[in-house]
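Participant: I'd like to ask you about the structure that follows.
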Amino acid sequence: MQDIIPLYFRIFLVLDQQIRAGTWGEGEVMPSEQELAAEYGVSRVTVRKTMALLEEASLITRHRGRGTFVNPEVLDRGPGDGISGFKDNIREFEETTAVELHEFAKVDIPNDLARETGQALNGPALRIRRTRRRGEVPFSHSVVYVFPPESDLLSEESLGNRTVVAALEEQGFVFSHAEQRLTAVAADPELAGHLGMAPGAPLICMRRTVFDSTGRLVEFLRIFYNPELFEYRVSLSREQGESQTPQWVRRGQDFAS
């Protein structure tokens, strides 16, 4: 798997993680290209590609004669809170990835979908299969089912690079809540081909159900991630309720479909 991911992109992933973790504070100069090349045992050409990708992702700013600095907006960006944080994450996800569409078609609802969602589902549903990339590297593959009447609101043109939730909201849909689960699965040959991995390689599978304000299921999706490229982050805050009993409240953000 290591050979599939370009060396400059693997270094980008490490630096991206360090930047978001606050390794370099505001106004603190990051290591030079020469220092990074020595640290990672690569050429300066490789490091230059990495730094260009970091700059393209608005993670760093480079100033001739002064050095490279972390973008202050990255340091100020805290974890999202509830639905607003979910929307912020969606916008960032759309801006930093490109999508390849494999299927956009009305299909009969598979039998296993009703069992998995616990819902009585009537078809046909709109099925959307896409692969997302960061740069040249496949990042995730998603299989999304959108149920009527919301399925009639979407077209290939209106969807574009955006997530399904974002495209539906532009048409007036307001989602109330979502439930999601994470599991580990093995890549079948089709998934392995989309993600540039070997059949049987481990994947992270996120299953998400999205509901409207009446509790009606609007969207069900499975997203398969390369575990080397995916991080699931949840922030917990301790809040006092009326009973004065401490409670842990989820405030999470993750990558969208």
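Read the figures in this text as sums done on the coordinates, not as results from a lab. Quick caveat, the model's predicted, so the values are computed rather than measured. Virtual Cβ from ideal backbone geometry, glycine too; neighbours counted across all protein chains shown.
Participant: Given 0.36 nm per residue, what is the gain on full extension from HIS63 to GLN34 after removing their alpha carbon distance, in nm?
Facilitator: 8.9 nm
Participant: Charges only on Cβ, +1 for Lys and Arg, -1 for Asp and Glu: so what's the dipole of region 114-171 about the Cα centre, in debye to the nearest 20?
Facilitator: 380 debye
Participant: Starting from the Cα-Cα distance between ARG216 and SER155, subtract it from 0.36 nm times their residue separation and give me the gain in nm to one decimal.
Facilitator: In short, 19.8 nm is gained.
Participant: On to the next question. Once you place label points 7 Å from the Cα toward the Cβ at ASP188 and GLU136, how far apart are they in nm?
Facilitator: The answer from the label model is 3.0 nm.
Participant: OK, next. By how many nm would the segment from ALA21 to HIS102 grow when fully extended, if each residue of separation counts as 0.36 nm and the alpha-carbon distance is taken off?
Facilitator: Full extension of this stretch gives 25.7 nm more.
Participant: With r defined as the distance between the Cβ atoms of ALA198 and VAL14 and R0 fixed at 25 Å, what FRET efficiency is calculated, to the nearest 0.05?
Facilitator: 0.65
Participant: Now for a different question. Can you tell me the FRET efficiency between VAL74 and ALA52 if r is taken as the Cβ-Cβ distance and R0 is 25 Å, rounded to the nearest 0.05?
Facilitator: 0.90
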